[in-house]
Amino acid sequence: MTNKRLTLQIDFRSGLPIYTQIVNQVQAQVASGILKPGDQLPTVRALAEELRVNFNTVARGYRILDEARIISTQQGRGTYITEIPPPKVSERLRRESLEALTQRFISEAMRLEFSKTEIRQMVSDQLKAWNETQENESE
């Protein structure tokens, strides 16, 4: 069991509750394999201090993650990433992570006053460019 350094980017202007940002980012790091089963997370108090947020905000995020069986808090031992979730749960985590990324992207783009059409076009253009890059790399 390693004590992995949890890296979270909290956006106080996003409109997305901080506890939701914590949940989404931990889920994304588990789904992508950055955080692995057995990795220890910081205590609620330590993470709250590091992020400069209320203790209860972090506790709420951890509680949601615990209820989803993504983490397990063991009294006196710490909080750990649980064993690899079943494929259905992993797929749900991947989907929720993508949804959270998309929500953050759209929220920020709308805050910058881009229209839905401009956002849609940019996503389409970037996917096309990414596909072309992938094709060129495989040649």
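The values are calculated or read from the model by the stated rules, or taken from the named source; none is laboratory data. As the structure is a computational prediction, the values presented were derived from the model and not from experiment. As a convention, Cβ positions derive from the backbone with ideal geometry for all residues, glycine included, and neighbour counts pool all protein chains shown. When the accessible area is computed, the model is the full protein with side chains, heavy atoms only, and any ligands, DNA or RNA have been set aside. Shrake-Rupley method; radii C 1.70, N 1.55, O 1.52, S 1.80 Å.
Here are a few things to note about the model shown:
- Helix 55-67 and the long axis of the chain differ in direction by around 80°, with both axes built from C-alpha atoms.
- Solvent accessible area, Å² - Thr43, 1.4 Å probe, full protein context: 80
- Phi angles of segment 10-27 translate, via the Karplus equation with coefficients 6.51, -1.76, 1.60 and θ = phi - 60°, into HN-Hα couplings of 9, 10, 6, 9, 6, x, 8, x, 4, 5, 5, 4, 4, 4, 4, 6, 5, 4 Hz per residue; Gly and Pro are given as x.
- Other residues whose C-beta falls under 12 angstrom from the C-beta of Asn56 contribute a net charge of +3, scoring Lys and Arg +1 and Asp and Glu -1.
- Listed values (1) 15.1; (2) 16.7; (3) 15.8, entry calculated as Kirkwood radius over Cα pairs in Å: (2)
- Once the chain from Ser138 to Ala59 is taken as fully extended at 0.36 nm per residue, the excess over their C-alpha distance is 23.9 nm.
- Helix axis angle, 116-138 relative to the chain longest principal axis, alpha carbon, degrees: 90
- Near Ala31, once Lys and Arg are set to +1 and Asp and Glu to -1 for all other residues with Cβ below 10 Å from its Cβ, the sum equals +1.
- Aspartates and glutamates whose Cα lies under 15 Å from that of Lys88, excluding same-chain neighbours fewer than 8 positions away: Glu96
- Neighbours of Glu67 by Cβ distance under 15 Å: Lys/Arg scored +1, Asp/Glu scored -1, total +2.
- Note that the chain presents 70 Å² accessible area per residue, ligands and nucleic acids not counted, probe 1.4 Å.
- Nearest-ten-degree value, helix 87-111 long axis tilted from longest Cα axis of the chain: 60
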